Amino acid sequence: MNARNMKNRIGINNMGLKRIGEEKIIKAHVRSAKMKIWIIRGTTMVLLWTCLVQLTAIGDVWGPSVLKGLPSVTQDSHSLDAKFLSTVPARVLPHMRVYRNNGYLMVSCNGGLNQMRSAICDMVAIARFLNVTLIVPELDKTSFWADPRYPKSCHFTSCILKTDDLIFIVSYNFNDSEFEDIFDVDHFITSLRNEVQILKQLPPRLKQRVDLGIVHTMPPVSWSHISYYHNQILPLIKKYEVVHLNRTDARLANNAQPIDLQKLRCRVNFNALRFTPQIERLGRRVVKRLRQNGPFLVLHLRYEMDMLAFSGCTQGCNPDEVEELTRMRFAYPWWKEKIINSELKRKDGLCPLTPEETALTLRALDIDSDIQIYIAAGEIYGGQRRMSALANAFPKLVRKETLLGANDLQFFQNHSSQMAALDYLVSLESDIFVPTYYGNMAKVVEGHRRYLGFKKTILLNRKLLVELIDKYMSGLLTWDDFSSVVKDTHAARMGSPKRRVVIPNKPKEEDYFYANPEECLQPAETEPLSIL
């Protein structure tokens, strides 16, 4: 082989090696580019997931405050939901509060929806100030009105009670709802994470102990200062690691509490306790249909059979009804008061107004006869016979059952607390709210309406009203005089700003914190502090 051929072969081989080297370099660049793409994709996924987590915290306050603008007048529910989502500003999750956990607190809330609502607020505040972890509260399954001695005969809509010579069928809706059936539990936990740690259940080790019945259970002392919980309950939590408090209604005092505690009670009540999306949507729908027909008044007409039997108030009832209510009261062994003078109790202002008395009162207050009146209540005892006077004076009486179809209410029909939640939402959004009895719902709705801007809430002076009504009905007062006195009496009872009445050593008689949470309200001119 001559020199020229040898040189050509070497050149060819060098070119082949160069191509192989270039191919390796290209492949390396390709692998590097692919690696960069995967890194970018991974980083993007992490960022998207972070954004998704942040978006779950959108809308700290939902429900009544959204309804306040009443966009539902001209939009269907789908466009309303879209508008709501587009107008609520995004926010990040609140920082989780880091603290040394002193143990775990379980609570069982008793009573009706609003009684349990205020108890939940109290227990969150107590857990925060004791630095303990709160387990999502358990809601009462039997309440004040039911009893575990009748587990087989008591159902959603009726209960068979036996006396010596009577089998009595009581129509009543018992609460069978869990916390998550009424309230948005995830929002509840998340919105309070910068205040207190809340878990859906105990850690497995402690849960096993509780399931075996190894738990310290007790009712706290009523109307106690937070110092009671620090001095008496906290040592028990540290000793037993977990304590279960039952009968938690009215266990925290109204007044003389740290301002941070009072404001936390409000934050739980007005922000953290948001109803489930199903209840909120139905509430929007009811308000929309009411608004389409103009202004509306919500009348909390507390004239159901169980209320009358328990209170012994029988004004306007016929003898058969009086006997029926009396038998029902005796059939409930856990209702302590049996012998009741109905007339005396009414004159003391301790009875709910009757439908007839309510009609006279609303007329005397110059409530427009053309206004819609939404009845927030269960079945009225005596039916159409007792409602006729109210219906004649105010023809536009409506109920949730008349505004919604059977399909809308099917899910809620046999769940009394969920139905009460629906009434609660509508009550907050009404132009006027009038309770005929100053019970838990009346008080809590009153306070919430104050928080929403001192919305008009007429708090009836029942003791004076029944006296005036009796005088008018007997001819001792003309209509003009009757109406004038009623209006003058209630001019300062419309939910306007005022101080809570404080009665030292008589917490049950002083103004209720949740009816007037003045520490949390917008600054306004108020009456001087009233201490009796």
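The values are calculated or read from the model by the stated rules, or taken from the named source; none is laboratory data. What you see is a predicted model; the values in this text were computed from it and never measured. Cβ: placed from backbone, ideal geometry, glycine included. Neighbour counts: every protein chain shown. Quick note on the areas: whole protein, heavy atoms, side chains included, nothing else; ligands and nucleic acids left out. Shrake-Rupley method; radii C 1.70, N 1.55, O 1.52, S 1.80 Å.
Residues in the range 354-381 that are modelled with pLDDT of 95 or more, among the small types (Gly, Ala, Ser) and assigned to a loop (DSSP other than H, G, I, E, B): Ser369, Ala376.
Per-residue answers, yes or no, for (1) more than 30 Å from Phe188 (Cβ to Cβ); (2) open to solvent by 10 Å² or more (accessible area, probe 1.4 Å); (3) at pLDDT below 95; (4) not charged (D, E, K, R):
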{"position": "Gln257", "(1), (2), (3), (4)": "no, yes, no, yes"}
{"position": "Asp260", "(1), (2), (3), (4)": "no, yes, no, no"}
{"position": "Lys288", "(1), (2), (3), (4)": "no, yes, no, no"}
{"position": "Ala309", "(1), (2), (3), (4)": "yes, no, no, yes"}
{"position": "Lys336", "(1), (2), (3), (4)": "yes, yes, yes, no"}
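Here the range 382-397 is the region considered, the condition is being of a type in the set (A, V, I, L, M, F, W, C) and part of a helix (DSSP H, G or I), and the residue that is surrounded by the most Cβ atoms within 10 Å (Cβ to Cβ) is Leu390. Just so you know, in the range 313-333 the residues that are in contact (Cβ under 8 Å) with a residue 60 or more places away in the chain and in a helix (DSSP H, G or I) include one that is farthest from Asp470 (Cα to Cα), and it is Ala331. Confirm whether Met473 is over 16 Å from Gln372 (Cα atoms) and modelled with pLDDT of 95 or more. For Met473, the condition - over 16 Å from Gln372 (Cα atoms) and modelled with pLDDT of 95 or more - is met. Candidates are the residues of the range 448-465 that are open to solvent by 10 Å² or more (accessible area, probe 1.4 Å) and of a type in the set (A, V, I, L, M); the one that is nearest to Asp348 (Cα to Cα) is Leu464. Of the residues making up the range 324-334, just one is closer than 13 Å to Tyr381 by Cβ and open to solvent by 40 Å² or more (accessible area, probe 1.4 Å), namely Glu324.
If the condition is being closer than 24 Å to Cys266 by Cβ, open to solvent by less than 80 Å² (accessible area, probe 1.4 Å) and not in a helix (DSSP H, G or I), then the range 222-247 contributes Ser222, Trp223, Ser224, His225, Leu245.
Pairs linking a residue in the range 202-218 that is touching a residue at least 12 places away in the same chain (Cβ under 8 Å) to a residue that is part of a helix (DSSP H, G or I) and open to solvent by 70 Å² or more (accessible area, probe 1.4 Å), with Cβ atoms under 7 Å and 6 or more positions apart or on different chains, are His216/Tyr240. For Glu510, the conditions (1) of a type in the set (D, E, K, R); (2) in contact with a strand residue (DSSP E or B) (Cβ under 6 Å, 6 or more places away or on another chain); (3) in a helix (DSSP H, G or I) all hold with the exception of (3).
When restricted to residues that are within 15 Å of Arg193 (Cα to Cα) and in contact (Cβ under 8 Å) with a residue 24 or more places away in the chain, the range 98-122 contains 4. Scanning the range 420-447 for residues that are open to solvent by 10 Å² or more (accessible area, probe 1.4 Å), in contact (Cβ under 8 Å) with a residue 60 or more places away in the chain, of a type outside the set (Gly, Ala, Ser) and farther than 17 Å from Tyr374 by Cα yields a count of 2. Filtered by the rule that a residue be open to solvent by 40 Å² or more (accessible area, probe 1.4 Å) and in contact with a strand residue (DSSP E or B) (Cβ under 8 Å, 6 or more places away or on another chain), the range 182-202 gives Gln197, Leu199, Lys200, Gln201.
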